[in-house]
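Got a structure for you, written out below as C-alpha cells; questions coming shortly.
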Amino acid sequence: MEELKHIVESLLFVSDTPLGIDQLTNAVPGVQAEEMREALSALQREYEGRRGGFYLQQVAGGYQLRSRPEYQSWIRRLLQPQPARLSKAALETLAVIAYKQPVLRSDIEHIRGVDCGGVLRLLLEKRLIRILGRKEIPGRPLVYATSKRFLEVFGLRDLRELPTLEDMEEVGLAAPEAKSRLSDSIATNGEPAGEKVEPTGQKSLDSEESEVL
Amino acid sequence: MEEARYQVKIEVFEGPMDLLLHLVKKNEVEIYDIPIAVITEQYLSYIEWLQSMNIDLAGDFLVMAATLMHIKSRMLLPAHEEAGEEEDPRMQIARPLMEYMRIREAAKRLEERDVLGESVFLRAPEPPSLGEGDGQPLLQVGLFELIEAFQRILAANPDQDGVTFSADTLSVKDRIAQIADILEQRRTVTFTELFEPGAPRAELVVTLLALLEMVRVGIIRLVQYAAGGLIRVLYA
C-alpha cells in the first residue's frame, strides 16, 4: 500500500488534468479500483494532516493536486496571473446553463431578461460551456451545456454537487408559507441538474424534450 | 446651445429583471405580493429618467414596462364571480423574478468557491518541448485534405460483398454524442482513430457526417500540424 500511494502520488504530480480511477488503474496494472480508492483516501488524509502547500481535490470525476487557498496571495505574487474574474453577466449566464442544461439561448435570455450573445461567445472561448448540438425546432437553435472544464474551474466533483436552486433564498425576500406555493410552480424547472444531465454528451441528448439532430 | 454634461453616478441596470429586482428590494416588498401600482410607477419613472439622459434603452426594458402596465390594469378589473381559480396576474412576473433571484444567488455562490486560477492553482503544466506541436503552427484542414483522408480510409476498408441487413445502425446524432464523449475524456483524438478498421462502410460514412456536422455547428476543430500530416480533432 505504501508503494501504491507513492506511485499514485507521482501520477497525480505529473498530470495537469484531474485523473479518474480508470486512468489510474490503467497506469498501474494489477491494481483494482477499490485498492486505488483506498490509496487516494490515504493520500488525502496525509495531506490534510500535514496541512502543507497542496491538497488532493476530487473534481470533475477525478482527482487533482491543488495549492491551498490559504496561500493564494503568495502564489499570486509569484505567478502574477491575469485576473481571472468573470463579469456578473457571465457568471449569471453560466449559472443559468449549469442549472438548466441542456438549454437554449432564448431560454437563457428569457430568465436573465437581457441579450446573451456576447457572453455566450466568451464562455465558449473559455471552454466553460459547450454546444451539445441543435434542437429540431424551427430555427434549429443551438443547445448549451457546461463542460468538464467548468467542473474543474469551480472545483465541483460533478453537477450534483451544485447546491439546489431551492437553497438559494436571499434573506428577507420570500416568506415561508408562500415559498411552497411558488416552489411548486418553479419545481418543474428548478430540479437539481443531476436528474437530467451528465457531464458527457450522451444522456443529455436524449432528454425527453429535445430532439437534437 | 450645448447641454451641460454632468457627472452623475448612475445606477446601471443590465436588464429589466435586474431593475425590477432592485425596486423590489428597495421597497422591501415580497416578490409574490408586489404592490403593482407603486412598482410600475417607479419603474416607469426610471425608464423616463434614463431616456432623458439620452441613454439608449434596450427594447427589453420597454417590453417589461408594457407587461407591468398590463398586469396593473388586470388588477384593477373587478374579479369575475364565476371564474375558477384565476391566477394572480402578478404571477406573470413573480415567477420569473423569483427564478432570476435564485440564479443571481447561484452565480454569487459559484464565484465564492475556490476558483481555479484565483484561489487555488495547479502545478504549471510543461509545454510540449519535443515532438509534434512544438512551435509549429496549426493548419486549418481544408475540405480537400479531408476528402483525401477519408478516401484513404475507404481504400483501407474494402467494401464487403453482398448486402447485410443490420438492425443496430448508428445514427449521426448518436455518433456525435460518442465523439463528444471521447473528446471529453481524451481532449484530442486523431481523425483516423475515429474510423474503426473493419467497420461497415455505412458506419464510416456516419462518422464522417458526424464530424462534418460538429465542425459546422462549431463544436470541434480539425487541425493539422503540417500539410499532409495527421489530422487531429480538437474541441473548438
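The values are calculated or read from the model by the stated rules, or taken from the named source; none is laboratory data. Remember, predicted model here, so these are calculated numbers, not experimental data. Here the Cβ is made from the backbone with ideal geometry for all residues, glycine too, and neighbour counts use every protein chain on show.
Could you grab me the full set of residues in region B:214-223 that are surrounded by 15 or more Cβ atoms within 10 Å (Cβ to Cβ) and within 16 Å of B:I147 (Cβ to Cβ)? Spell out the reasoning first.
Within region B:214-223, the subset surrounded by 15 or more Cβ atoms within 10 Å (Cβ to Cβ) is B:214-215, B:217, B:219-223.
The answer is B:V215, B:L222.
A further question follows. Mind checking whether some residue in region B:33-45 is touching a helix residue (DSSP H, G or I) at 6+ places or on another chain (Cβ under 8 Å), surrounded by fewer than 17 Cβ atoms within 10 Å (Cβ to Cβ) and either modelled with pLDDT under 75 or not assigned by TED's automatic domain parsing to the domain that holds B:P96 (or both)?
No, region B:33-45 has no match at all.
Right, here's the next one. Which of the residues belonging to region B:202-223 are over 20 Å from B:F144 (Cα atoms) and either modelled with pLDDT of 85 or more or charged (D, E, K, R) (or both)?
Going through region B:202-223, the residues over 20 Å from B:F144 (Cα atoms) turn out to be B:202-203, B:219.
Scanning region B:202-223 gives a single hit, B:E203.
Which residues, taken from region A:55-64, are farther than 8 Å from A:P18 by Cα and facing chain B (nearest Cβ under 9 Å)?
Matches in region A:55-64: A:Y55, A:Q57.
Taking the stated definitions as given, is A:L65 surrounded by 11 or more Cβ atoms within 10 Å (Cβ to Cβ), in contact (Cβ under 8 Å) with a residue 40 or more places away in the chain and not in a strand (DSSP E or B)? First the steps, then the outcome.
Details: surrounded by 11 or more Cβ atoms within 10 Å (Cβ to Cβ): yes; in contact (Cβ under 8 Å) with a residue 40 or more places away in the chain: yes; not in a strand (DSSP E or B): no.
No; evaluated as a whole, the condition is false for this residue.
Could you run through region B:89-105 and say how many residues are within 10 Å of chain A (Cβ to nearest Cβ) and either in contact (Cβ under 8 Å) with a residue 40 or more places away in the chain or hydrophobic (A, V, I, L, M, F, W, C) (or both)?
Filtering region B:89-105 down to residues within 10 Å of chain A (Cβ to nearest Cβ) leaves B:91, B:94-105.
Still in the list and also either in contact (Cβ under 8 Å) with a residue 40 or more places away in the chain or hydrophobic (A, V, I, L, M, F, W, C) (or both): B:91, B:94, B:96-98, B:100-101, B:103-104.
Count: 9.
Yes or no: region A:100-119 includes at least one residue that is assigned to a loop (DSSP other than H, G, I, E, B), more than 9 Å from every other protein chain (Cβ to nearest Cβ), out of contact with any strand residue (DSSP E or B) (no Cβ under 8 Å at 6 or more places or on another chain) and touching a residue at least 12 places away in the same chain (Cβ under 8 Å). Break it down into steps so the answer makes sense when it comes.
Residues of region A:100-119 that are assigned to a loop (DSSP other than H, G, I, E, B), as a first pass: A:101-102, A:113-116.
With more than 9 Å from every other protein chain (Cβ to nearest Cβ) added as a condition, the list becomes A:101-102, A:116.
Next, only the ones that are out of contact with any strand residue (DSSP E or B) (no Cβ under 8 Å at 6 or more places or on another chain) stay: A:116.
Cutting the leftovers down to touching a residue at least 12 places away in the same chain (Cβ under 8 Å) gives us A:116.
Checking region A:100-119: at least one residue is assigned to a loop (DSSP other than H, G, I, E, B), more than 9 Å from every other protein chain (Cβ to nearest Cβ), out of contact with any strand residue (DSSP E or B) (no Cβ under 8 Å at 6 or more places or on another chain) and touching a residue at least 12 places away in the same chain (Cβ under 8 Å).
Taking only region B:51-69 into account, find how many residues are surrounded by fewer than 16 Cβ atoms within 10 Å (Cβ to Cβ), over 23 Å from the mean Cα position of the chain (by Cα) and among the hydrophobic types (A, V, I, L, M, F, W, C).
Result for region B:51-69: 7.
Any residue at all in region A:69-86 that's within 30 Å of B:G15 (Cα to Cα) and surrounded by 14 or more Cβ atoms within 10 Å (Cβ to Cβ)? Quick ask: steps written out before the conclusion?
Keep residues of region A:69-86 that are within 30 Å of B:G15 (Cα to Cα), which gives A:82-86.
The next check asks that each one be surrounded by 14 or more Cβ atoms within 10 Å (Cβ to Cβ); those that pass are A:86.
The answer is yes, given that some residue of region A:69-86 is within 30 Å of B:G15 (Cα to Cα) and surrounded by 14 or more Cβ atoms within 10 Å (Cβ to Cβ).
Pick out the one residue from A:S106, A:S147 that is at pLDDT 90 or above, under 22 Å from B:D18 (Cα atoms) and among the hydroxyl-bearing types (S, T, Y). First the steps, then the outcome.
On the way: A:S147 fails: under 22 Å from B:D18 (Cα atoms).
Result: A:S106 is the single residue among A:S106, A:S147 that is at pLDDT 90 or above, under 22 Å from B:D18 (Cα atoms) and among the hydroxyl-bearing types (S, T, Y).
Here's a follow-up. Within region A:25-53, take every residue that is touching a residue at least 24 places away in the same chain (Cβ under 8 Å) and of a type in the set (A, V, I, L, M, F, W, C) and give me the one that is nearest to B:R186 (Cα to Cα).
If we take residues in region A:25-53 being touching a residue at least 24 places away in the same chain (Cβ under 8 Å) and of a type in the set (A, V, I, L, M, F, W, C), then A:V28 is nearest to B:R186 (Cα to Cα).
So which pairs qualify, if the first residue must be in region A:77-89 and within 7 Å of another protein chain (Cβ to nearest Cβ) and free of Cβ contacts under 8 Å to residues at least 60 places away in the same chain, the second must be of a type outside the set (D, E) and assigned to a helix (DSSP H, G or I), the Cβ gap must be under 6 Å, and the two must be at least 6 apart or on different chains?
A:A89/A:V119
Just checking, which of A:I97, A:I111, A:I129, A:I137 is surrounded by fewer than 21 Cβ atoms within 10 Å (Cβ to Cβ), modelled with pLDDT of 90 or more and among the β-branched types (V, I, T)?
Details: A:I97 fails: surrounded by fewer than 21 Cβ atoms within 10 Å (Cβ to Cβ); A:I111 fails: surrounded by fewer than 21 Cβ atoms within 10 Å (Cβ to Cβ); A:I129 fails: surrounded by fewer than 21 Cβ atoms within 10 Å (Cβ to Cβ).
A:I137 is the lone residue from the list that is surrounded by fewer than 21 Cβ atoms within 10 Å (Cβ to Cβ), modelled with pLDDT of 90 or more and among the β-branched types (V, I, T).
Run A:A145 past the list (1) away from chain B (no Cβ under 11 Å); (2) closer than 13 Å to A:V96 by Cβ; (3) among the small types (G, A, S) and report the number of the one that doesn't hold.
Condition not satisfied by A:A145: (1).
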